[in-house]
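To keep things clear, I will list the structure first and then write my remarks on it.
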Amino acid sequence: MSPATVEPLAQKHERNVRKHQKKEAHLNALETEVVALFVQVCRLLGQPPSLGEIYGLLFVSSKPLALDDLPERLGMSKATASAGLKFLRNFGAVKMVYRAGDRRVLYEAVAELRNLASRFLQDQIIPQLDGGRNRLGYINTILKKLPSEERARFNGRITMLESWEKKMRRFLPIVTDLLGK
């Protein structure tokens, strides 16, 4: 490559780096800590940190916020904010609010832990348990085809997995009840 082509490539790279860098967030100390808490929860649950940022800001905000407020306050793209709001609305964690005289759609956090936990169990945990139950059924089919000595070796472990799955299903309603009180 000639020196003439290196400089434009370097400039292009620098432009791309700036474009993908996170914008500076505009939060006070309390908002920063609440947002960080919800980011940790999202990571624990295997969800994108941006969901925690959006929910955390809406949770701590004294008034509903518009979509345009989120990128500015959190330093994220409008597309990320929009996708996050859509997910959180579908999940029941955020609701739309209308204010007289304001043409914008505003959003606020739904702070009822029981509803959020119940929805998370229904949408995330129970489908995983159902998939696990199906897999255990398939494992049992394979197990039946094994020679008897191999089958005896694995049978106890498979029985243990089935027991765990049943206990989880019995435990989930208890968790939902506890979170609601």
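Protection proxy ranking of 101-111, 82-92, by the mean of other Cβ atoms within 10 Å over each peptide's residues and highest first, is 82-92, 101-111. What FRET efficiency comes out for LEU161 versus VAL41 if R0 is 25 angstrom and r is the Cβ-Cβ distance? Round to the nearest 0.05. With a Förster radius of 25 Å, E is 0.30. A simple count of charges around MET96, restricted to other residues whose Cβ falls under 15 Å of its Cβ and scoring Lys, Arg +1 and Asp, Glu -1, yields +3. Computed from the alpha carbon atoms alone, the convex hull of region 87-146 holds 72 Å³ per residue.
P(r) for region 73-174, from all Cα pairs and a bin width of 5 Å, is 2, 10, 14, 13, 12, 10, 8, 8, 7, 6, 4, 3, 2, 1, 0, 0 %, short bins first. Applying a threshold of 27 Å to the alpha-carbon distances of LYS63/LYS86; LYS145/LYS166; LYS144/LYS166; LYS95/LYS166 flags LYS95/LYS166 as lying beyond it. Just how many % of Cα pairs in region 114-180 lie over 15 Å apart, if you round to the nearest whole percent? Counting pairs separated by more than 15 Å, the tail of P(r) holds 59 percent. For PHE59, what is the net charge nearby, where nearby means another residue's Cβ is under 15 Å from its Cβ and Lys, Arg count +1, Asp, Glu -1? Summing Lys and Arg as +1 and Asp and Glu as -1 gives -2.
Since every read-out is calculated from the coordinates, none of them should be taken as a lab result. Because the structure is a prediction, the values reported are computed rather than measured. Positions of Cβ are generated from backbone atoms using ideal geometry, with glycine treated the same way; all protein chains shown enter the neighbour counts.
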